[in-house]
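The values are calculated or read from the model by the stated rules, or taken from the named source; none is laboratory data. Nothing here was measured: the structure is a model prediction, and the numbers come from that model. All Cβ positions, even for glycine, are placed from backbone atoms using ideal geometry, and neighbour counts span all protein chains on display. Side chains included, ligands, DNA and RNA excluded: accessible areas come from the protein's heavy atoms. Shrake-Rupley method; radii C 1.70, N 1.55, O 1.52, S 1.80 Å.
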Amino acid sequence: MNMTLDRLTELAAQSDGILYVMAVLLLIALTVIIDRFWFLGRTIRRGKRVTATVAQFAHLDRKTLADLVEKSPRLPHRALLEVPLHHSELKDPHRMSELLEEAILWQVPKLDSRLWLLDTIVTLAPLLGLLGTIAGMVKVFAVLGDAGNAATQITGGVGEALIATACGLLIAIVGLVCFNSLNNWTRLIVHQLETLKISMVNRLDAPRVASGERRAYSPAIHPVANTGT
């Protein structure tokens with residue numbers, strides 16, 4: 001079947017508006033996918049550099065942190081780097097770790113922002129496609145009841161009815177693959193933030209450890225190697 005623009009418009013009109021709704025869902029899904037891939041990809045690349053830079057220092061002082069903050073605009077990692085600057089009087093590493101964890105929790109909703117739209121579309125698109133197919137089959141059965149209609153008209157109507165299901169499945173497949181990829185990228189960024197937290201706590205406490213001061217929390221954990229893509 002030759003799917004020209006005029007033919008698609010005709011099919012959309014015959015679908016009782018369902019194909020129009022699915023076109024809107026596809027547009028929303030593509031908008032979310034492009035926006036999130038750009039934002040998360042950029043965050044992973046720049047966040048990897050920030051985490052690796054912090055791991056290179058034996059100790060973090062106020063000037064080093066200020067420089068890192070200045071070089072990390074619009075990154076969730078910046079919120080963690082600012083915590084010691086805002087609490088420069090704090091000496092308890094356990095308390096500092098809790099403040100850094102709080103900063104991470106504030107950043108997580110920004111990472112998976114609008115992904116719920118993609119998740120909803122992945123579920124909704126096949127259901128709308130099935131609804132469109134059912135509506136089309138009802139029309140086919142109405143035609144089937146008229147003995148004067150040719151067999152080609154009936155089979156052609158069945159094929160047109162199945163287009164809605166095909167469109168719904170296509171949207172769901174593309175959306176599901178992208179949704180899982182974006183979720184994986186979000187987990188990778190959260191892992192970067194957790195690694196950065198541990199690295200900062202260890203290096204902010206470094207001078208007191210060197211002087212033999214007993215700490216009230218467990219031994220330092222070495223930074224986890226970044227496995228970002």
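Which lysines have a Cα less than 29 Å from the Cα of LYS71, not counting those fewer than 8 places away in the same chain?
LYS48, LYS63, LYS91, LYS110, LYS197
So what are the ³J(HN,Hα) numbers for the range 191-201, from phi and the Karplus equation (6.51, -1.76, 1.60; θ = phi - 60°), rounded to whole Hz, Gly and Pro as x?
With the stated coefficients, the range 191-201 comes to 4, 4, 5, 5, 5, 5, 4, 4, 4, 5, 4 Hz.
Taking a ≥ b ≥ c as the square roots of the Cα gyration tensor eigenvalues, with a/c under 1.5 meaning rounded and otherwise prolate when a/b beats b/c, else oblate, which class fits the range 16-110? Walk me through the numbers on the way to the answer.
Working: a/c = 4.31, a/b = 2.57, b/c = 1.68.
Here the range 16-110 falls in the prolate category.
What are the ³J(HN,Hα) couplings of the range 177-182, residue after residue, when phi is run through the Karplus curve with 6.51, -1.76, 1.60 and θ = phi - 60°? Round to Hz, x for glycine and proline.
4, 5, 4, 5, 5, 5
So how much slack lies between ARG62 and LEU127, counting 0.36 nm per residue of separation and subtracting their Cα-Cα distance, in nm?
Working: separation 65, 0.36 × 65 = 23.40 nm, distance 5.56 nm.
Extra length available between ARG62 and LEU127 comes to 17.8 nm.
Obtain the nm distance between the two label points defined at ASN184 and VAL108 by a simple spin-label model: each point lies 7 Å from its Cα along the Cα-to-C-beta direction.
Roughly 2.1 nm, to one decimal.
Hey, with R₀ at 45 Å, roughly what FRET efficiency would PHE37 and LEU162 work out to, going by the Cβ-Cβ distance, to 0.05? Write out the running numbers ahead of the final one.
Numbers: r = 31 Å, r/R0 = 0.69.
Result of the calculation: an efficiency of 0.90.
Using the heavy atoms of the protein chains and a 1.4 angstrom probe, tell me the accessible area per residue for the range 54-99 in square angstrom. Please report the intermediate quantities before stating the final value.
On the way: 2710 Å² over 46 residues.
That works out to 59 Å² per residue.
Can you give me the % of accessible surface on the range 48-89 that is carbon or sulfur? Probe 1.4 Å, all protein chains present, nothing else counted.
Working: 1260 of 2430 Å².
Summing carbon and sulfur atoms, their accessible area is 52 percent of the total for the range 48-89.
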